[in-house]
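Written out below as structure tokens is the structure these notes cover.
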Amino acid sequence: MATSARVTSVQAIADFKVALLGFCQEAKEVLATIEMEIRRTMDWVARDQLPYWQREIRNRQEEVAQAKADLFRKQLTRISGQNPDYLEERKALRIANSRLEEAEDKVQICRSWANRQLTQAVDEYEGPARQLAGMVEGNPPPIVIYLDRIISSLEAYLEVGPSLEEVPASTGDSLEKSKETT
């Protein structure tokens with residue numbers, strides 16, 4: 001004896017299809033936005049940040065040279081018989097050296113991100129993003145076409161429907177009610 005499917009609502013699938021179309025459109029827009037943001041970020045790291053910190057190294061090397069010169073001048077006054085306090089000059093030199101180290105670290109970080117880390121992160125993102133794009137691209141997307149086929153099959157099934165002798169009495173009443181509502 002063949003059993004029948006218990007289809008209660010094709011409308012739920014149709015509603016889901018509408019929601020899925022909205023999701024697909026939104027997903028396409030988000031994927032495009034992310035792609036632009038990736039390009040912008042890569043450009044920012046490689047073309048803006050790296051040259052900025054390279055210039056900062058030169059500027060901060062000049063600050064270190066100036067701080068050394070100030071300390072040396074102050075030390076020369078000690079040779080001339082005066083007893084100056086050059087704590088401020090040493091502090092300025094320490095700060096200038098620290099700022100130079102920071103700029104050098106930033107250049108290394110920018111090179112690391114531009115060459116490896118950012119590229120690797122983008123590669124990790126692109127695989128799943130391509131899969132999602134494949135599912136939501138198209139007009140209509142393939143998944144929506146698949147749902148259309150399911151809805152058509154279910155509607156055809158409901159039109160044909162099983163005979164009342166094949167359906168148990170308790171299920172037959174609900175089947176007749178669902179045919180009347182559709």
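A compact table of results
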| quantity | calculated |
| --- | --- |
| Scope region 114-128; condition within 16 Å of the chain's Cα centre (by Cα) and under 27 Å from Q49 (Cα atoms); matching residues | Q117, L118, T119, Q120, A121, V122, D123, E124, Y125, E126 |
| Filter result for L31 (in contact with a helix residue (DSSP H, G or I) (Cβ under 6 Å, 6 or more places away or on another chain) and within 30 Å of M135 (Cβ to Cβ)) | yes |
| T171 vs. criteria modelled with pLDDT under 85, polar (S, T, N, Q) and surrounded by 13 or more Cβ atoms within 10 Å (Cβ to Cβ) | yes |
| Failed condition for V10, given (1) out of contact with any Asp or Glu (no Cβ under 9 Å at 6 or more places or on another chain); (2) of a type in the set (V, I, T); (3) surrounded by 12 or more Cβ atoms within 10 Å (Cβ to Cβ) | (1) |
| Which listed residue is at pLDDT 90 or above, farther than 24 Å from A121 by Cα and either among the basic types (K, R) or surrounded by 12 or more Cβ atoms within 10 Å (Cβ to Cβ) (or both), from Q54, Q49 | Q54 |
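The values are calculated or read from the model by the stated rules, or taken from the named source; none is laboratory data. All values reported here derive from a predicted model rather than from experimental measurement. Neighbour counts are summed over all protein chains in view; Cβ atoms, including those assigned to glycine, are modelled from backbone coordinates with ideal geometry.
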